[in-house]
Amino acid sequence: MKISQKGIDLIKKWESFKAEAYLCPAGVWTQGYGHTRTVNKYSQIITERTAEEFLRVDLLIIKGGLSPLLKGITLSQQQYDAIVSFCFNLGVGAFQRSTAYNEILINPDGKRVADSWIQYRNAGGRFLRGLLLRRLDELTMYYG
């Protein structure tokens, strides 16, 4: 599967564009639309176009990591988009270790997916209202 424009828009909504590098609440250097892979405190200011390019590459990396994890699981486009947003925020490795992933393996349409998903609302060891709202937005997309 491939993320849809609605999925990309959801990620961009929650990441929002930042031209300059900054430390996110989890203490990770971030820039553009949540790009972290090549960012440090010395990163140069970027344009929105560059941020879009970084986002596209980051999404391809996530797709590569998710493909083997989701092989054989039937998902709707909305479910896939929500999972990509979740992974963009947490990382594919964290998703693979999550109770949400375990619930998706058991029953992708079940209520227990939401119960597990919503637990991922902390960063740097503390509750963040923004992450809770993001998880709720993702779940709204997931259940379509």
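The values are calculated or read from the model by the stated rules, or taken from the named source; none is laboratory data. Just so it is clear, the structure is predicted and the values come from calculations on it, not from any experiment. A quick note on method: Cβ atoms are made from the backbone with ideal geometry, for glycine too, and the neighbour counts reach across all protein chains shown. With ligands, DNA and RNA removed, areas are computed over all heavy atoms of the protein, side chains included. Shrake-Rupley method; radii C 1.70, N 1.55, O 1.52, S 1.80 Å.
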Spot the failing condition for T50; the list is (1) touching a Lys or Arg at 6+ places or on another chain (Cβ under 8 Å); (2) surrounded by 14 or more Cβ atoms within 10 Å (Cβ to Cβ); (3) over 20 Å from S4 (Cβ atoms); (4) not charged (D, E, K, R), and only one is missed.
(1)
Could you tell me how many of the residues in the range 46-74 are among the hydrophobic types (A, V, I, L, M, F, W, C), under 16 Å from F17 (Cβ atoms) and either outside any helix (DSSP H, G or I) or touching a residue at least 24 places away in the same chain (Cβ under 8 Å) (or both)?
4
Name the residue that is most open to solvent (accessible area, probe 1.4 Å), counting only residues in the range 27-41 that are hydroxyl-bearing (S, T, Y) and out of contact with any Cys (no Cβ under 7 Å at 6 or more places or on another chain).
T38
Taking the residues in the range 1-26 that are outside any helix (DSSP H, G or I) and in contact with a Gly (Cβ under 6 Å, 6 or more places away or on another chain) as candidates, determine which candidate is most open to solvent (accessible area, probe 1.4 Å).
P25
Can you name the residue in the range 82-134 that is under 20 Å from D58 (Cβ atoms), assigned to a loop (DSSP other than H, G, I, E, B) and out of contact with any Gly (no Cβ under 9 Å at 6 or more places or on another chain) and is also least open to solvent (accessible area, probe 1.4 Å) among such residues?
S98
Reported set for the range 95-117 where residues are under 23 Å from C24 (Cα atoms) and either free of Cβ contacts under 8 Å to residues at least 24 places away in the same chain or acidic (D, E) (or both) is R97, S98
Given (1) farther than 18 Å from G7 by Cα; (2) surrounded by 14 or more Cβ atoms within 10 Å (Cβ to Cβ); (3) of a type in the set (D, E, K, R), number of the condition K63 does not satisfy:
(1)
